[in-house]
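These notes are about the structure you will find just below.
Values quoted throughout were computed directly from the atomic coordinates according to the rules given, and no laboratory measurement underlies them. Just so we're clear, the structure is a prediction, and the values are computed from it rather than from any experiment. All Cβ positions, glycine included, derive from the backbone under ideal geometry; neighbour counts span all protein chains shown.
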Amino acid sequence: MDNSIRIFKVVSFLEAISFLVLLFIAMPLKYIWDMPEYVRVVGMAHGILFVLYLFGAYWMYEKLNWSFKTLGIVAICSVLPFGPFYADKKYLPAS
């Protein structure tokens, strides 16, 4: 497998995990137990990974000759919990 695809898969995985940690660990800690510091840390990491994911999706769009529709679906997957896992399985070549 091409190194650029492998890099995108890693970024995709990390982005998905950071989003899930933000939603299901950091946000409850903030709003239920009044511990907002975790949202700041995890939120910053997730924000950086989110931007990298979108750049990577465009990179894959050019590299894998995706249609604009596929790029849109992969981009929408970035804002859905578990979405990047779906995009990885459906639109990226297997390892």
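A few notes on this one:
- Simple Cβ-charge dipole of the chain, Lys/Arg +1 and Asp/Glu -1, about Cα centre, in debye nearest 20: 220 debye
- Each residue in 2, 88 was given a count of other beta-carbon atoms within 10 angstrom of its own, and listing them fewest first yields 2, 88.
- For the range 45-95, chymotrypsin sites (Phe, Trp or Tyr not before Pro) meeting the loop criterion (DSSP other than H, G, I, E, B) and having at most 16 other Cβ atoms within 10 Å: 82.
- Calculated [222 nm] ellipticity per residue, helices only, for the chain: -24000 deg cm²/dmol; basis is -39500 (n - 2.57) per DSSP H run with n ≥ 4, divided by all residues, nearest 500.
- The HN-Hα couplings worked out from phi for the range 72-84 by the Karplus form 6.51 cos²θ - 1.76 cosθ + 1.60 (θ = phi - 60°) are x, 5, 5, 5, 5, 4, 5, 9, 10, x, 6, x, x Hz, whole numbers, x standing for Gly and Pro.
- Taking the chain and dividing mean pair separation by its residue count, relative contact order in percent (alpha carbons under 8 Å, at least six apart): 35 percent
- Taken over the chain, lysine pairs spaced eight or more positions apart, or on distinct chains, with alpha carbons under 14 Å apart number 4.
- For the chain, the spherically averaged projection of the C-alpha convex hull amounts to 5.7 nm².
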